[in-house]
Amino acid sequence: MRNAARALLVCLVLGQSALAAEAELTGRQVMEKCRSANDPADELLELEMQLVAEGGRVRRRRLRIEYLKAEDGLDRTLVRFSYPRRMKGTGLLTLEQKARSDDQWLYLPSLRKVRRIASDAKAERFVQSDFTYEDLQPEDLDDNAYKMLRTETVDGRRCYVVEAVAKSKSAYARREIAVDSERWLPIRTLHYDADGKLVKTRLASKVQQHKGRFWRPDRTEMIDHVREHKTVLLVKSRSINGGIDAGHFTQRFLKSGR
């Protein structure tokens, strides 16, 4: 009986310590943990994009996403469409920058030219989807003020809910990011406008572990509550740390594919 009482006391003390540590966790620390826990050297995805209208009509597209952590520690991302035929070759190159807005270039085969996306145009929709150019940029920890709001259960997972307010111009007044407290993966993001209205919801589901470390969703949805429209990304294949040529992340490659 004495040993049982001692064990109960230890559990209570450890439990209180864990709660105290959690209370001291900041929003910035949660987001830093997200980045460090799930950031590989490179990643290659083949996806299907579904554009779902209010009445249920679906338009399908196929695309590839290449990601690279460059030698300078900044992210490089290349998106390229292969279907439908009219979109084949359309691509978006995003180069993360330090202490300034990320560089983005869009290539449209019909025009045979690369167009730089101006910083004030990043709230525009990307190829008629519910993702904006801003949504496709990596999370900039230094360009956001983070605040821990609460813990909450989302889709059966215990999450830290962190508020993010952009320091520079943004399409959103603030975001609420629900981060899985075990997998350190954002599984829901609520986007609000300046009037406090919920305008978009981003959901990540069908989460799988890769390489014994990296947690990834096989399904991502961006729901536009204003347009009553949503975009669904379904992962068909994924390769992590398989090796990607750094030469792919140039305007030349964006335009020519070589």
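The values are calculated or read from the model by the stated rules, or taken from the named source; none is laboratory data. Model, not experiment: these values are computed from the prediction. In this analysis, Cβ positions are derived from the backbone assuming ideal geometry, glycine residues included, and neighbour counts consider all displayed protein chains.
Side notes on the structure shown:
Rundown of residues vs (1) surrounded by 15 or more Cβ atoms within 10 Å (Cβ to Cβ); (2) over 21 Å from the mean Cα position of the chain (by Cα); (3) basic (Lys, Arg); (4) over 17 Å from Phe249 (Cβ atoms), yes/no style:
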{"residue": "Arg86", "(1), (2), (3), (4)": "no, yes, yes, yes"}
{"residue": "Gly91", "(1), (2), (3), (4)": "yes, no, no, no"}
{"residue": "Asp102", "(1), (2), (3), (4)": "yes, no, no, no"}
{"residue": "Trp105", "(1), (2), (3), (4)": "yes, no, no, no"}
{"residue": "Ser110", "(1), (2), (3), (4)": "no, yes, no, yes"}
{"residue": "Ser119", "(1), (2), (3), (4)": "yes, no, no, yes"}
{"residue": "Arg125", "(1), (2), (3), (4)": "yes, no, yes, yes"}
{"residue": "Gln128", "(1), (2), (3), (4)": "no, no, no, yes"}
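- Hey, Ala166 buried (at least 20 other Cβ atoms within 10 Å of the Cβ) and aliphatic (A, V, I, L, M) or not: no
- Taken over region 172-201, residues that are surrounded by 18 or more Cβ atoms within 10 Å (Cβ to Cβ) and among the hydroxyl-bearing types (Ser, Thr, Tyr) amount to 2.
- The set of residues in region 139-168 that are within 29 Å of Ser119 (Cβ to Cβ), without any contact (Cβ under 8 Å) to a residue 40 or more places away in the chain and among the β-branched types (Val, Ile, Thr) comprises Val161, Val165.
- Answer from Arg183, Arg252, Arg238, Arg258 - the residue that is part of a strand (DSSP E or B) and either more than 21 Å from Ala121 (Cα to Cα) or charged (D, E, K, R) (or both): Arg238
- Checked against the criterion of being closer than 24 Å to Glu46 by Cα, in contact with a helix residue (DSSP H, G or I) (Cβ under 7 Å, 6 or more places away or on another chain), aliphatic (A, V, I, L, M) and surrounded by 14 or more Cβ atoms within 10 Å (Cβ to Cβ), region 130-151 contains not a single residue that satisfies it.
- A search for C-beta distances below 8 Å between a residue of region 175-191 that is at positive phi and any residue that is part of a strand (DSSP E or B), counting only pairs 6+ apart in sequence or on different chains, returns Trp184/Trp215.
- The set of residues in region 54-70 that are surrounded by fewer than 11 Cβ atoms within 10 Å (Cβ to Cβ) and touching a residue at least 24 places away in the same chain (Cβ under 8 Å) contains only Glu54.
- The residue pairs whose first member lies in region 107-131 and is within 21 Å of Gln97 (Cα to Cα), whose second member is in a helix (DSSP H, G or I), and whose beta carbons are closer than 7 Å, counting only pairs six or more residues apart or on different chains, are Tyr107/Leu254; Tyr107/Lys255; Val114/Gln251; Val114/Leu254; Val114/Lys255; Lys122/Glu134; Ala123/Glu134; Phe126/Leu136.
- Pick from region 16-47, criterion farther than 19 Å from Arg188 by Cα, hydrophobic (A, V, I, L, M, F, W, C) and in a helix (DSSP H, G or I), ranking: modelled with the highest pLDDT: Ala23
- Across region 215-249, the qualifying residues are those that are within 14 Å of Lys69 (Cα to Cα) and among the β-branched types (Val, Ile, Thr), and the one among them that is surrounded by the fewest Cβ atoms within 10 Å (Cβ to Cβ) is Ile240.
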